[in-house]
Each structure stands twice: as structure tokens, then as C-alpha cells.
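Chemist: Before I ask anything, here is the structure I am working with.
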Amino acid sequence: MCNSIGYDIVIPARRWYFLVVNTDVVRVEVFGVFPTDQHTLAIFIGNEEKSFVIHVEPSVGRAIAMSMRGEHNERPLTHELIGYIFNAFDVKVERIVINALRSNTYFARIILRAQNEVHSKVIEIDARPSDCIVLATQAKAPIFVSQEVWEETEDRTEELEKIKQALREKKGQPPGPLFGDDIV
């Protein structure tokens, strides 16, 4: 399943220039967050076609899991604080795109829309995929992967299904976003 996203980027100079960017992308969702042997958390991302894994720091993985569950800390963590700031200034997370994979490191862009009575502006910012995923899940914004990255990633669906089955047997948990025992 491939979509094209097009948007205008306005570059101020002596004249106004419009650059239309079309990128082939695949829409995905977060299937679960699980601990690994390498002291990271594995974020399983994909769709009905396949899934892949992004390894993240435990604190960011916990933030993703909490945001998927709709949980909040008594005092806001960094990602929650950023979400509150976005809301205060009428900034909306439009979408995120995991757009590159180099040397086993993923890269992403977060696309924000600031709109109020004075102006409307679309901003695209380079960011870690893990941070983008937290902000997207908090805002219930769509997550995309570039077609190039999608084709390059290894399908880990079989591994995800084994984890889901083991958790169901252990907890009797229904299908849906799953989280390992160590995720608080």
C-alpha cells in the first residue's frame, strides 16, 4: 500500500518559490513495545503486509507505550510537555515519515502545522524516529515510512506473532497493541 504525500514548501528570498515534494510512503502503526536483551526496547511497526523493528532507549520506549495506552505521568515527561506546548500554540502534528535507513540507523521527519488567526504554516523538522513516534501517538497522527525504507527493512512479522502468542498464553491478553512486562 503506497501513498504519495505532496506539500508546498515556501522558501523566502527575493521572490517566493514553491517546491512540491512528492514522496512515496506506506502508512504504518505501532504494534507493540517489548524489552530486548540489549537494554533497549523494540518497537514493532508495520501494517497488514509486514512489520519491522526500531530499537529505542528505554525511557522513550516507555513514553511510546504510555501514550498508546493513554496514560500520563503525575508530572509531564518531556514528550508530554512538548505536546502541551504544541496545544498551547495551536501546533498540530500532521504526520511523521520515517524517511531513511543508513548503517542500521533510522531517520525521520515530523510535519507540524501551526495555524491561528494570524498565519498558517507547515514546518518539517528532522528528528529521531522514536521521538516522532511518541509525538504522533500522543496526537493520534498518522505514521508513514518511505517506500525505500519499507523495501529495505526485514519483515519481522513472524517474530511479532510469536511474542503476541506467548503474551496471550501468559496473560490471556486480547489482540491489540502489546507491551512487555517490564514496560511501566
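The values are calculated or read from the model by the stated rules, or taken from the named source; none is laboratory data. Note that the coordinates shown come from a computational prediction; the quantities given were computed from them, not determined experimentally. Every residue, glycine among them, receives a Cβ derived from its backbone with ideal geometry; neighbour counts consider all protein chains shown.
Chemist: Residues Leu77, Leu41, Leu81: which one is modelled with pLDDT under 95 and surrounded by fewer than 12 Cβ atoms within 10 Å (Cβ to Cβ)?
Modeler: Sole residue among the options that is modelled with pLDDT under 95 and surrounded by fewer than 12 Cβ atoms within 10 Å (Cβ to Cβ): Leu81.
Chemist: Also: Among (1) in contact (Cβ under 8 Å) with a residue 60 or more places away in the chain; (2) more than 23 Å from Thr157 (Cβ to Cβ); (3) surrounded by fewer than 21 Cβ atoms within 10 Å (Cβ to Cβ), where does Ala63 come up short?
Modeler: Against the list (1) in contact (Cβ under 8 Å) with a residue 60 or more places away in the chain; (2) more than 23 Å from Thr157 (Cβ to Cβ); (3) surrounded by fewer than 21 Cβ atoms within 10 Å (Cβ to Cβ), Ala63 comes up short only on (3).
Chemist: So Asp155 fits all but one of (1) among the charged types (D, E, K, R); (2) exposed (fewer than 12 other Cβ atoms within 10 Å of the Cβ); (3) in contact with a Lys or Arg (Cβ under 8 Å, 6 or more places away or on another chain); (4) closer than 24 Å to Glu49 by Cβ; what number is the exception?
Modeler: Every listed condition holds for Asp155 apart from (2).
Chemist: For segment 158-168, state whether one or more residues are touching a Ser or Thr at 6+ places or on another chain (Cβ under 6 Å), crowded, with 17+ Cβ neighbours inside 10 Å and modelled with pLDDT under 95.
Modeler: Within segment 158-168, one or more residues are touching a Ser or Thr at 6+ places or on another chain (Cβ under 6 Å), crowded, with 17+ Cβ neighbours inside 10 Å and modelled with pLDDT under 95.
Chemist: Same structure, new question: What residue, of Phe86, Phe52, Phe44, is assigned to a strand (DSSP E or B), more than 11 Å from the chain's Cα centre (by Cα) and of a type in the set (Phe, Trp, Tyr)?
Modeler: From the options Phe86, Phe52, Phe44, the qualifying one is Phe52.
A quick yes/no check of all residues on (1) aliphatic (A, V, I, L, M); (2) in contact with a helix residue (DSSP H, G or I) (Cβ under 7 Å, 6 or more places away or on another chain):
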site	(1), (2)
Met68	yes, yes
Glu74	no, no
Arg109	no, no
Leu135	yes, yes
Gln138	no, yes
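Chemist: Next question. Which one is surrounded by the fewest Cβ atoms within 10 Å (Cβ to Cβ), of the residues in segment 93-141 that are closer than 19 Å to Glu57 by Cα and among the acidic types (Asp, Glu)?
Modeler: Step by step, filter segment 93-141, then rank; the result is Asp126.
Chemist: Oh, and also: In segment 141-164, how many residues are more than 17 Å from Val33 (Cβ to Cβ) and not β-branched (Val, Ile, Thr)?
Modeler: Total meeting the criteria: 12.
Chemist: Would you say Gln147 is within 11 Å of the chain's Cα centre (by Cα) and touching a residue at least 60 places away in the same chain (Cβ under 8 Å)?
Modeler: So Gln147 does not fit the description; no.
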